[in-house]
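J.: I'd like to ask some things about the structure below.
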Ligand code: NDP
């Protein structure tokens, strides 16, 4: 038996609890992992609270991320004792996830735990931090360079935003954080933001073309914020869009794209192919100071995961949440 968060659904009503699960109930997979740490991402918040149909099979163990040690493997790439990380691939949505002491997964989904990080640090990064790295890679590979101007990060105190600020600063960019939490300006400056703007400046419908300000943008918020960010991006700049914290809508015009050559780069972490994952984790290993993870992340127990999921969705959580599952 092992401890797990379990989401069940009966007569269209979802319930969630910390419970004991029999290992015989673990799903199919060629690698069994003793989980050390998991995390709470925005998507885990949606899954646990049931506020969006993230979970597609019931019962479900949520948790889109995990770090742990391989206990048994019939996959030639992994052997008992290997330290591994899992991000996405529908885990915690259609396949049992990381908010449990044991997980059984497909070996092809795993990446090695980067040498720079402990299991706990890798989960302080989690899908949020790995997505931040995918966004920075998208901008850099799209030709955005330090010296071209400021980079805007929206939802800056969130998990993706916090790590994006730190990575961009380390890569030599001047970073401006957009946040609804004026009291967290010091936090963002500690991570590397050179200045902070109030997210209200971006959150209402604006003109299709506005004063050119940003050489690049990491947007975690979507909706009018993304539309305004595009409208304020400089000629030839790029916008990496990965999130929808304000909303999934995107009402705008093609003007920034056809008159200023602005590029909108979509970023997905869930099904990202392995080379992109390895490159993102390499950037994190190289550019993310592990000491900053102490500033960004707080640790909770598996028991606290359910209540913290609600706080996360209400925007009450700063940075990242690491879950000690043991
Ligand atoms: P968090 O909840 O940690 O952060 C989201 C941040 O967005 C909040 O901290 C807040 O920042 C800001 N925010 C919240 N509500 C609003 C609002 N109504 N209007 C404007 N800003 C708001 O989430 P994550 O950082 O983990 O994820 C951010 C987004 O990225 C989510 O939508 C998530 O689903 C998405 N995501 C997508 C991935 C992909 O593969 N494409 C992978 C990972 C995440 P502040 O208070 O500083 O303004």
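J.: Quick one: in segment 305-326, of everything that is assigned to a helix (DSSP H, G or I) and without any contact (Cβ under 8 Å) to a residue 12 or more places away in the chain, which residue is nearest to the ligand (Cβ to nearest atom)?
T.: Within segment 305-326, the first condition is being assigned to a helix (DSSP H, G or I), and the residues that meet it are 305-313.
Now restrict to residues that are without any contact (Cβ under 8 Å) to a residue 12 or more places away in the chain: 307, 311.
Values: 307: 15, 311: 10 Å.
If we take residues in segment 305-326 being assigned to a helix (DSSP H, G or I) and without any contact (Cβ under 8 Å) to a residue 12 or more places away in the chain, then 311 is nearest to the ligand (Cβ to nearest atom).
J.: Of all residues in segment 251-287 being assigned to a loop (DSSP other than H, G, I, E, B) and either at pLDDT below 95 or in contact with a helix residue (DSSP H, G or I) (Cβ under 6 Å, 6 or more places away or on another chain) (or both), which is nearest to residue 63 (Cα to Cα)?
T.: Within segment 251-287, the subset assigned to a loop (DSSP other than H, G, I, E, B) is 251-254, 260-262, 267-273.
Remaining after also requiring either at pLDDT below 95 or in contact with a helix residue (DSSP H, G or I) (Cβ under 6 Å, 6 or more places away or on another chain) (or both): 251-252, 262, 267, 269.
Working: 251: 32, 252: 34, 262: 35, 267: 20, 269: 14 Å.
Here the answer is 269.
J.: From the list 106, 120, 83, which residue is closer than 20 Å to residue 293 by Cβ, surrounded by fewer than 24 Cβ atoms within 10 Å (Cβ to Cβ), more than 19 Å from the chain's Cα centre (by Cα) and modelled with pLDDT of 95 or more? Steps first, answer last, please.
T.: Numbers: 106 fails: closer than 20 Å to residue 293 by Cβ; 120 fails: more than 19 Å from the chain's Cα centre (by Cα).
Matching residue, one of 106, 120, 83: 83.
J.: Looking only at segment 145-173, filter to residues that are more than 16 Å from the ligand (Cβ to nearest atom) and over 21 Å from residue 285 (Cα atoms); which one of those is nearest to the chain's Cα centre (by Cα)? Before the answer, list the steps.
T.: Taking segment 145-173 as the starting set, the residues that turn out to be more than 16 Å from the ligand (Cβ to nearest atom) are 145-150, 169-173.
From what is left, the residues that are over 21 Å from residue 285 (Cα atoms) are 147-150.
On the way: 147: 27, 148: 26, 149: 25, 150: 22 Å.
Checking each candidate, the answer is 150.
J.: For the list (1) surrounded by fewer than 24 Cβ atoms within 10 Å (Cβ to Cβ); (2) at negative phi; (3) more than 16 Å from the ligand (Cβ to nearest atom), I need the number of the one condition that residue 49 fails.
T.: (3)
J.: Which of the residues that make up segment 177-191 are in contact (Cβ under 8 Å) with a residue 12 or more places away in the chain and either surrounded by fewer than 22 Cβ atoms within 10 Å (Cβ to Cβ) or more than 20 Å from the chain's Cα centre (by Cα) (or both)?
T.: First, the residues of segment 177-191 that are in contact (Cβ under 8 Å) with a residue 12 or more places away in the chain: 177-182, 184, 187-188, 190-191.
Within segment 177-191, 180, 181, 182, 184, 187, 190 qualify.
J.: On to the next question. Looking only at segment 239-281, count how many residues are closer than 26 Å to residue 64 by Cα, touching a residue at least 60 places away in the same chain (Cβ under 8 Å) and over 16 Å from the mean Cα position of the chain (by Cα).
T.: Total meeting the criteria: 2.
J.: Let me ask something else. Consider residue 294 carefully, then state whether it is more than 14 Å from the ligand (Cβ to nearest atom) and at pLDDT below 95.
T.: Considered against the rule, which asks whether it is more than 14 Å from the ligand (Cβ to nearest atom) and at pLDDT below 95, residue 294 comes out as yes.
J.: Out of segment 180-221, which residues are more than 13 Å from the ligand (Cβ to nearest atom), part of a strand (DSSP E or B) and more than 21 Å from residue 236 (Cα to Cα)?
T.: Listed by number, the residues that qualify are 194, 195.
J.: Is it the case that residue 225 is buried (at least 23 other Cβ atoms within 10 Å of the Cβ), under 15 Å from residue 180 (Cα atoms) and in contact with a helix residue (DSSP H, G or I) (Cβ under 6 Å, 6 or more places away or on another chain)? Before the answer, list the steps.
T.: Working: buried (at least 23 other Cβ atoms within 10 Å of the Cβ): yes; under 15 Å from residue 180 (Cα atoms): yes; in contact with a helix residue (DSSP H, G or I) (Cβ under 6 Å, 6 or more places away or on another chain): no.
So residue 225 fails the test.
J.: Hey, another quick one. Within segment 7-36, count every residue that is closer than 19 Å to residue 303 by Cβ and assigned to a loop (DSSP other than H, G, I, E, B).
T.: 0
J.: Within segment 230-248, identify whether any single residue is within 16 Å of the ligand (Cβ to nearest atom), in contact with a helix residue (DSSP H, G or I) (Cβ under 8 Å, 6 or more places away or on another chain), assigned to a helix (DSSP H, G or I) and not assigned by TED's automatic domain parsing to the domain that holds residue 89, and answer yes or no.
T.: Yes: one or more hits.
J.: Among the listed residues 188, 226, identify the single one that is within 24 Å of residue 290 (Cα to Cα) and in contact with a strand residue (DSSP E or B) (Cβ under 7 Å, 6 or more places away or on another chain). Give the steps one after another, and end with the answer.
T.: On the way: 226 fails: within 24 Å of residue 290 (Cα to Cα).
It is 188.
The values are calculated or read from the model by the stated rules, or taken from the named source; none is laboratory data. Because the structure is predicted, anything quoted here is derived from the model rather than measured. Don't worry about glycine lacking a Cβ; one is built from the backbone with ideal geometry, like all the others, and counts go over all protein chains shown.
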